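To start, the structure under review is shown below, and the notes come after it.
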Amino acid sequence: MIMPNHEAPVIEYPGRAKALIEPADILSKKKPIPQRCVLCYFAEVIEGMVSQGAVPIGKLHGEGEAVKIYRVGKGTYATAICFPGIGAPFAAATLEELIAMGASKFVVCGGAGVLDGSIPAGKTIVPTWALRDEGTSYHYLPPSRTCRPHKKALEAIRKVCKIRKLDYLEGGTWTTDGVYRETRSAVRRRRAEGCLSVEMEAAALFAVARFRKVSLGQILYAGDDVSGPKWNHRRWNHLSETRRNLFDL
């Protein structure tokens, strides 16, 4: 297949051709992990789970500190948990390797900025689609403006929210690599399109999951506010109870 040249190389979609480096090839000797996996962006929550008995079952090695994988539960209820790494490329690579090690049913929990200041800090947000304003997803899916979580994963999240009687919001999330390039005009455009939140990984994670044909959905909580004339931190990373509750969900 000859890819056409574009002014923006990121949209030169390579198709489903086998890559030179396939995760399954380099991780084939690793011990398999549970099918179920929670990707958790809250380091302190994972540390708390370790102190409560989460069992270390593997590591993903790179130049920096290894990504540690833990297991909670046994048998049918066994679930892997790990910190996926910040940013689309890191998170996508982590997801790739976890899939190669046997995981196939994922839920991601993390925080996000809000594009509407009326959304209170700590509010649960369930992304039903992600706007692809990053680069990684374009290496997994043909060029398009958005991508979506797996239908079954989304329905499972909705079901448990209903069981827990949790009030939550649904809508789009804006995934961007340019954390320091979120301008007022861009925020207005994304909000007009239906985006509730802004973060750095959802579109890439949705795309990798679809490419590898596994189930993945995401749960976010409302953190900082980027809707006003000035950034409002809202102490988003100090909402310890919210973060633990989202993980438990």
Sparse-neighbourhood loop hits (trypsin sites (Lys or Arg not before Pro), segment 184-227; DSSP loop; Cβ within 10 Å at most 15 others) -> 213
Computed for segment 84-189: size of charge dipole around the Cα centre, +1 on C-beta of each Lys and Arg, -1 on C-beta of each Asp and Glu, debye to nearest 20, value 520
Rounded to two decimals, the Debye log10 I(q)/I(0) of segment 137-249 (Cα scatterers, no solvent) at q = 0.09, 0.10, 0.18, 0.21 Å⁻¹ is -0.28, -0.34, -1.10, -1.34
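With 22 Å as the limit, write out which pairs from 31/74; 18/213; 59/151 have Cα-Cα distances beyond it, or answer none. Walk me through the numbers on the way to the answer.
Working: 31/74 16 Å; 18/213 15 Å; 59/151 30 Å.
Those over the limit are 59/151.
To the nearest 20 debye, what charge dipole does segment 1-149 have about its Cα centre, counting +1 at the Cβ of each Lys and Arg and -1 at the Cβ of each Asp and Glu? Working shown, then result.
Details: 15 positive and 13 negative charges, 156 e Å.
Roughly 760 debye, rounded to the nearest 20.
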Checked against the structure, the computed volume of the Cα convex hull per residue in Å³ among (i) 138; (ii) 128; (iii) 156 is the one labelled (i)
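If we count every other residue with Cβ under 13 angstrom of residue 174's Cβ, Lys/Arg +1 and Asp/Glu -1, where does the sum land? List each step's numbers first, then the result.
Details: positive: 132, 145, 181, 188, 189, 190, 191; negative: 116, 133, 134, 177, 182, 193, 199, 201.
Neighbour charge sum, excluding residue 174 itself: -1.
Sum -39500 (n - 2.57) across every DSSP H segment of at least 4 residues in the chain, then divide by the residue count to get the 222 nm mean residue ellipticity, nearest 500.
Working: 7 runs with 69 residues, N = 249.
After summing the helix terms and dividing by the residues of the chain, the value is -8000 deg cm²/dmol.
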Going residue by residue through segment 102-115, the Karplus relation 6.51 cos²θ - 1.76 cosθ + 1.60 with θ = phi - 60° gives ³J(HN,Hα) values, rounded to whole Hz and with x marking Gly or Pro, of x, 6, 9, 10, 10, 10, 10, 10, x, x, 8, x, 10, 9
Those GluC sites (Glu not before Pro) from segment 22-107 that are DSSP loop and have at most 16 other Cβ neighbours within 10 Å turn out to be 63, 65
Computed ³J(HN,Hα) along segment 207-218: with the Karplus parameters 6.51/-1.76/1.60, θ = phi - 60°, integer Hz and x for glycine or proline, the list is 5, 4, 4, 5, 5, 8, 6, 10, 9, 8, x, 9
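Using the heavy atoms of the protein chains alone and a 1.4 angstrom probe, what is the accessible area of segment 1-115 per residue in square angstrom? Can you show the working numbers first?
Numbers: 6520 Å² over 115 residues.
In whole numbers, segment 1-115 has 57 Å² accessible per residue.
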Most fluctuating of 131, 216, 20 in the GNM of the chain (C-alpha, under 10 Å) is 20
Mean-square fluctuation maximum in Gaussian network of the chain, Cα pairs under 10 Å, restricted to 238, 139, 150, hits 238
Listed residues 93, 43, 207; largest mean-square fluctuation, Gaussian network over the chain with Cα springs below 10 Å, found at 43
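Can you pull out the chymotrypsin sites (Phe, Trp or Tyr not before Pro) in segment 151-193 whose DSSP state is coil and whose Cβ has at most 13 other Cβ atoms within 10 Å?
Numbers: sites: 168, 174, 180; in loops: 180.
Answer in residue order: 180.
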Shape call for segment 1-126, from the Cα gyration tensor axes a ≥ b ≥ c (a/c under 1.5 means rounded, otherwise prolate when a/b beats b/c, else oblate), comes out oblate
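The values are calculated or read from the model by the stated rules, or taken from the named source; none is laboratory data. Source: prediction; values computed, not measured. Please note: Cβ atoms are built from the backbone with ideal geometry, for glycine as well, and neighbour counts cover all protein chains shown. For accessibility, only protein heavy atoms count, side chains too; no ligands or nucleic acids. Shrake-Rupley method; radii C 1.70, N 1.55, O 1.52, S 1.80 Å.
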